[in-house]
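Engineer: Okay, handing you the structure first.
Bear in mind that the values in this text are calculations on the coordinates, not laboratory data. Just so it is clear, the model here is predicted, and its values are computed rather than measured. So basically every Cβ, Gly included, is an ideal-geometry build from the backbone, and we count neighbours across all protein chains shown.
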Ligand SMILES: [Zn+2]
């Protein structure tokens with residue numbers, strides 16, 4: 001499942017592109033756990049998909065910053081945004 005590609009809505013791709021243009025890094029937020037029959041495999045039934053964007057950093061000392069995460073022994077300020085899953089329309093059935 002590690003190579004599963006999450007489908008993101010158009011607005012998420014736009015947000016990601018904007019961050020990348022400014023030198024940021026963007027990661028898809030993968031739903032946890034296996035997909036079950038009858039449950040949307042894109043969001044695992046949560047109805048949402050997200051992207052995590054690095055909006056600041058790298059920092060050597062994370063203590064003065066909010067919402068930081070470690071990556072390659074450096075600290076980055078992150079912002080996670082969730083969007084309605086485009087595959088199941090937020091759990092309401094096919095979009
Ligand atoms: Zn879904």
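Engineer: Using Cβ contacts closer than 10 Å as the measure, can you line up 51, 39 from fewest to most? Write out the running numbers ahead of the final one.
Structural biologist: Values: 51 20, 39 16.
Ranked by crowding around the Cβ, least crowded first: 39, 51.
Engineer: Let me ask something additional. Suppose each label sits 7 Å from its Cα in the direction of the beta carbon; what would the residue 74-residue 22 distance come out to in nanometres?
Structural biologist: 1.7 nm
Engineer: Report, please, the projected area of the stretch 10-82 averaged over directions, based on the convex hull of its C-alpha atoms, in nm².
Structural biologist: Here the figure is 5.8 nm², rounded to one decimal.
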